[in-house]
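Input: a single structure, listed below in structure tokens.
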Amino acid sequence: MKKILFVASESVPFIKTGGLADVVGSLPKYFNKEKYDVRVMLPKYMCMKQEWKEKLQYKTHFYMDLNWRSQYVGILELEHDGIIFYFVDNEYYFSGAKPYGYIHEDIEKFAFFSKAALSALPLIDFRPDIIHCHDWQTGLIPVYLDNFRYGNEFFRGIRSVFTIHNLKFQGIWDKKSVKDITGLPEYYFVPDKLEAYKDANYLKGGVVYADRVTTVSNSYAEEIKMPFYGEKLDGLMNARANCLSGIVNGIDYDDYNPETDIHVPYHYNAENFRKEKVKNKMELQKELGLEVDSKTMMIGIVSRLTDQKGFDLIAYVMDELCQDAVQFVVLGTGEEQYENMFRHFAWKYNGKVSANIYYSEALSHKIYAACDAFLMPSLFEPCGLSQLMSLRYGTVPIVRETGGLKDTVEAYNEFEKTGTGFSFSNYNAHEMMNTVRYAERIYYDKRRDWNKIVERAMLKDFSWNNSAKQYEELYDNL
Ligand code: ADP
Ligand code: GLC
């Protein structure tokens, strides 16, 4: 039995800010249980829902030195859906109203979390063969692991994998402070280790010290070796190319299932969607105060409202697109300029545009089920889960050909009658608009072809089954 420990800053159903939580919470369930014992370690955030906090069971506690600070580390445990989750408790670090998002706090918070995660291992009767770290928040784990190995037999032989979910966020802070916070020796603070452009960089530490580095799609694994997507670490990615590979994300096919989804009023599948899916559209039109019309094409957006997702393209042509026979349903939070932009369009095109500027699991599922198309024109996209959810619900994705979007959405070819969505390549507002309009034409004028696209989309398999096997192989080769 191989023992694997996932360490991450978020996981469904406990705490979620984005796709990372979906991955960490669902992937562990899809490993072969006879060969892999996969567990997950998370921070115990105060802002976690009470219903979860109540269920956690105390396991142990100890005090740990973080350089000159001596800090309490509590370890709690919960089994959920057959997976054991450990929670690292410390009220000083994990008491904010959001799990993270203020870098001046996060730098020390995740140094603490990373060291605590390792330090707890000898006390929880689970010595992993492999520690699988996710994103910059856990970048120091492979570094501490290297450091721990010298003095401590227990840590010798533990291997590490580091997965990049988003290279944009690296955890960068000045070297002097990071030295003081982490207590790591001077030795690590040089340009071929933790240092990048004179600062300390947590993600770089993970990439340099992990035995294997993965990212969440093949295209993104290639893209980050180039300056445009490399976020100033393209040189490092090239240097680590032999250890770097892409494994595309999946989604939880039980949680996201149009035949059983508890949030969706009318269930449907790849056979009966022609009659049933549209009922969800009309229900949502009623709920959101849009003009109720089964025939109008409805385009959905569920997203963090940030530059990454291509909202400046939408801003540029939204007025023009709103002249067409389409409705837009938006669900998201994030940068104020984009929140206000959608509020503005909802006011200006009342009955046609619905702006829902908040977070709602339930509404997100209703949108995936109700819409005809889903718009995701990302500037960059390591993988993207929203387009996978859309495919699963027969909601045709319209995407830019980048990262995981390129790897998971196949562009419609009207001559060969193939494809599961629509796509464009350049980051250009009019290219996006033309693609949306092309989709409109197929929707309105070639309904049979449109329905075939929907059917092909629904029959695609983006469950975790394939990708979990690739992770198993990766673990076996370590
Ligand atoms: P990212 O991780 O970059 O935000 P992904 O497409 O990988 O993008 O994952 C986004 C996840 O967050 C999806 O599960 C999506 O449904 C969900 N999501 C984003 N915004 C909201 C929101 N406002 N309400 C509910 N779910 C949201
Ligand atoms: C990041 C990326 C997104 C990816 C998710 C899960 O948030 O932005 O593309 O799907 O992580 O890997």
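The accessible surface of the chain, taken with every protein chain in place and a 1.4 Å probe, is 48 percent carbon and sulfur. Stretched out straight at 0.36 nm per residue, the stretch from TRP68 to ASP319 would grow longer than its current Cα-Cα span by 84.6 nm. For region 92-172, what is the Kirkwood hydrodynamic radius in Å, using each pair of distinct C-alpha atoms? After inverting the pairwise mean of 1/r, the radius is 13.6 Å.
Give me the angle, in degrees from 0 to 90, between the Cα long axis of helix 429-445 and the longest principal axis of the Cα atoms of the chain, rounded to the nearest 10. Taking the Cα atoms of the chain, the angle to 429-445 is about 50 degrees. If the reach is capped at under 19 angstrom between alpha carbons, list the aspartates and glutamates near LYS295, excluding any in the same chain fewer than eight residues apart. LYS295 reaches GLU276, GLU283, GLU287, ASP324, ASP372, GLU440, ASP445, ASP449, GLU455.
Its Cα gyration tensor gives region 354-478 an equivalent ellipsoid, and the semi-axes of that ellipsoid, as √(5λ) in whole Å with the largest first, are 25, 18, 16. Along the Cα-to-Cβ line of GLU79, 7 Å from the Cα, sits a label point; which residues in region 16-56 have backbone N less than 20 Å from it? It comes to 25-42, 52-56, nothing else. Under conditions of 37 °C and 0.692 mPa s, region 87-139 yields 268 µm² s⁻¹ as its translational diffusion coefficient, taking Rh as the Kirkwood radius over Cα pairs in the Stokes-Einstein equation. Within region 107-242, the ratio Rg/Rh, alpha carbon atoms throughout and Rh by Kirkwood, equals 0.96. Under the rule a/c < 1.5 gives rounded, and otherwise a/b versus b/c splits prolate from oblate, where does region 133-191 land using the Cα gyration tensor? Taking the square roots of the gyration eigenvalues as a ≥ b ≥ c, region 133-191 is oblate. Where both bridge residues fall in region 353-444, DSSP classifies roughly 10% of the beta bridges as antiparallel. Heavy-atom accessible surface of region 392-478, averaged per residue, reaches 45 Å², computed with a 1.4 Å probe. Percent of Cα pairs in region 27-113 per distance bin of 10 Å, from zero to the largest separation: 16, 42, 32, 10, 0. Each 10 Å bin from zero up to the one holding the largest Cα-Cα distance in region 1-78 carries the following percent of pairs: 16, 40, 34, 9, 0.
Does region 1-156 classify as rounded, prolate or oblate by the C-alpha gyration tensor (a ≥ b ≥ c root eigenvalues; a/c under 1.5 gives rounded; else a/b over b/c gives prolate, otherwise oblate)? Since a/c stays below 1.5, the shape of region 1-156 is classed as rounded.
The label point for ARG441 and the one for ASN32, both projected 7 Å from the Cα toward the Cβ, are 5.0 nm apart. Ellipsoid semi-axes for region 216-267, based on the Cα gyration tensor and the rule √(5λ), read 38, 11, 7 Å when sorted largest first. The calculated 222 nm mean residue ellipticity attributable to helices in the chain amounts to -11000 deg cm²/dmol, summing -39500 (n - 2.57) over DSSP H runs of n ≥ 4 and dividing by all residues. Mind listing which GluC sites (Glu not before Pro) in region 251-354 are in a DSSP loop and have 12 or fewer other Cβ atoms within 10 Å? Hits after loop and neighbour filter: GLU259, GLU271, GLU291.
Estimated from the Cβ-Cβ distance and a Förster radius of 30 angstrom, the FRET efficiency linking HIS263 and HIS430 is about 0.25.
For region 1-160, the solvent-accessible area with a 1.4 angstrom probe is 40 square angstrom per residue. Mean projection of the Cα convex hull over all viewing directions, computed for the chain: 22.0 nm².
Applying the Karplus relation 6.51 cos²θ - 1.76 cosθ + 1.60 with θ = phi - 60° to region 160-176 yields 3J(HN,Hα) values of 9, 10, 10, 10, 8, 8, 7, 6, 4, 9, 10, x, 10, 7, 5, 4, 4 Hz, where x marks Gly and Pro. If a paramagnetic tag sat 7 Å from the Cα of ASN477 along the Cα-Cβ line, which residues of region 238-279 would have the backbone N under 20 Å from that point? Under 20 Å, as judged by backbone N against the label point of ASN477, lie 238-250 of region 238-279.
Each Lys or Arg adds one and each Asp or Glu subtracts one; over the other residues with Cβ under 11 Å from the Cβ of GLY74, this totals -1. In order along region 373-378, phi translates into HN-Hα couplings of 9, 10, 9, 8, x, 4 Hz, rounded to whole numbers, per the Karplus curve 6.51 cos²θ - 1.76 cosθ + 1.60 with θ = phi - 60° and x for Gly and Pro. Among the listed pairs LYS49/LYS204; LYS3/LYS309; LYS406/LYS469; LYS275/LYS366; LYS179/LYS204, those whose Cα-Cα separation exceeds 25 Å are LYS49/LYS204; LYS3/LYS309. Restricting to the chain, compute how many DSSP beta bridges are antiparallel as a %, nearest 5. Expressed as a percentage, antiparallel bridges in the chain total about 30.
Only Cα sites of region 336-412 enter the Debye sum here, all with the same form factor; the resulting log10 I(q)/I(0) across q = 0.11, 0.25, 0.26 1/Å is -0.33, -1.20, -1.21, listed in q order. On a per residue basis, region 173-245 carries 44 Å² of accessible surface, using protein heavy atoms and a 1.4 Å probe.
For region 28-125, the list of chymotrypsin sites (Phe, Trp or Tyr not before Pro) that fall in a loop by DSSP and count at most 13 other C-beta atoms within 10 angstrom reads TRP68, TYR92, TYR102.
One chain, two ends: TYR197 and THR418. Fully extended at 0.36 nm per residue, the span grows by 74.9 nm beyond their Cα-Cα distance. Annotation note: GluC sites (Glu not before Pro) in region 32-120 located in DSSP loop regions with a Cβ neighbour count of at most 11 within 10 Å are GLU34, GLU54, GLU91.
Most tightly packed first, judged by the mean number of other beta-carbon atoms within 10 Å of their residues, the peptides 176-189, 380-393, 302-315 read 380-393, 302-315, 176-189. Amide H contacts of GLN71: MET64, ASP65, LEU66, each under 5 Å away and 5 or more positions distant or on a separate chain (H built 1.01 Å from N in the peptide plane; Pro and chain starts excluded).
Can you give me the Kirkwood hydrodynamic radius for region 209-363, using every pair of distinct Cα atoms, in Å to one decimal? One decimal place: 18.6 Å for the Kirkwood radius. From a point 7 Å beyond the Cα of LYS3 in the direction of its Cβ, which residues of region 112-132 have a backbone N at a distance under 18 Å? Within reach of a label on LYS3, which here means backbone N under 18 Å from a point 7 Å along Cα→Cβ, region 112-132 contributes 116-132.
Here the Kirkwood formula puts the hydrodynamic radius of region 188-252 at 12.3 Å, using every distinct Cα pair. Summing +1 for each Lys or Arg and -1 for each Asp or Glu, what net charge is found among the other residues whose Cβ lies under 14 Å from the Cβ of SER467? Neighbour charge sum, excluding SER467 itself: -3.
Take every pair of alpha-carbon atoms less than 8 Å apart whose residues are at least six positions apart; their mean separation over the length of region 330-411 yields a relative contact order of 24 percent.
The values are calculated or read from the model by the stated rules, or taken from the named source; none is laboratory data. A quick note: this is a predicted structure, and the numbers were derived from the prediction, not measured. Counting neighbours? That spans all protein chains shown, and the Cβs are built from the backbone with ideal geometry, glycine included. SASA here: full protein model, heavy atoms, side chains in, ligands and nucleic acids out. Shrake-Rupley method; radii C 1.70, N 1.55, O 1.52, S 1.80 Å.
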